[in-house]
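S.K.: What follows is a single structure, and I will ask about it in a moment.
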Amino acid sequence: MSGAGDARPGARRMPAPGERPGAAGGLTGSAGTARPAPGGAHPDTGPAVGGRAGRFWSARRVPSALVALVLLAAAGLLLYDVAAVRAHRPAAAWRRGLADELATRRLDDPWVQAGAAAAALLGIWLIVLAVTPGLRAVLPMRRTAPGVRAGLDRPAAALVLRDRAMEVAGVQSVRMTVGRRRVYARAVAHFRELGAVRRDLDSALGDGLRHLGLTHRPALTVYVRRPRKG
């Protein structure tokens, strides 16, 4: 959950389905760090009183705008030519040529099959966009109050976990990769045994993942190596 007074970069507050933007306390932009659950419970193990927190859905503005512009241009061009024919003017050359091609070409013609394949691929692409959430860069956080949803950007989560990893003794540098299902930590240790460093990283990063308050905590994979010589 997120509050208004403890905003952290990378945490997003999204309106719940059916909620007006700006509702729920007037928050419309960023949301902050997770508040402790009632009764001192851990934010990752407390009850989700706000209901199931699914992934955030993208508005798909660019594909929608492209499809709308193409359909608008095609409909406008066809309407103009139909109006010209109604005004006793000859039909446009492109429409006469298209009508002739459709009347003379057979279904097994390569151009007809290529056009059908392109139309089918375009339709499949639009269906995939319609049924998939998108916004893969936003990780949903646990809901601890009804009507409020929060999400955490992957780069922000990676930065928080990187800071945790750098606190481990022996770690010289670390590169974090945060996905929806798995988190990878690739660390370079310049002293201490690699096994000990790996165990400390497992503990520190596991605790960091719990404190992120994500709905689905990703699995953790840690790699530790020595610095390259030369």
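S.K.: Set the Förster distance to 35 Å, then compute FRET efficiency between A145 and T177 from the Cβ-Cβ distance, nearest 0.05.
M.R.: The formula returns an efficiency of 0.65 here.
S.K.: Let me ask you something else. Among P63, V178, V131, whose Cα sits farthest toward the positive end of the charge dipole of segment 63-186 (+1 at Cβ of Lys/Arg, -1 at Cβ of Asp/Glu, about the Cα centre)?
M.R.: The one lying farthest along the dipole's positive direction is V178.
S.K.: Next question. Could you please state how large a percent of the accessible area of segment 86-230 is carbon and sulfur, counting protein chains only and using a 1.4 Å probe?
M.R.: 58
S.K.: Can you tell which of A91, V222, A204 lies farthest toward the positive end of the dipole of segment 89-230, using +1 and -1 charges on the Cβ of basic and acidic side chains (Lys, Arg; Asp, Glu)?
M.R.: Of the candidates, A204 comes out farthest on the positive side.
S.K.: Turning to a different aspect of this structure: Based on the mean of other Cβ atoms within 10 Å per residue, sort peptides 217-224, 75-82 so the most packed one is first.
M.R.: Ranked from most to least packed, the peptides come out as 217-224, 75-82.
S.K.: Now for a separate question. Modelled label-to-label distance, W125 and H216, 7 Å Cα→beta-carbon offset: nm?
M.R.: The two pseudo-label positions are separated by 2.7 nm.
The values are calculated or read from the model by the stated rules, or taken from the named source; none is laboratory data. Bear in mind that the values here come from a model prediction, so they are computed numbers and not experimental data. Every residue, glycine as well, gets a Cβ built from its backbone with ideal geometry; the counts of neighbours run over all protein chains shown. Accessible surface is based on the protein model in full, side chains and every heavy atom, while ligands, DNA and RNA are left aside. Shrake-Rupley method; radii C 1.70, N 1.55, O 1.52, S 1.80 Å.
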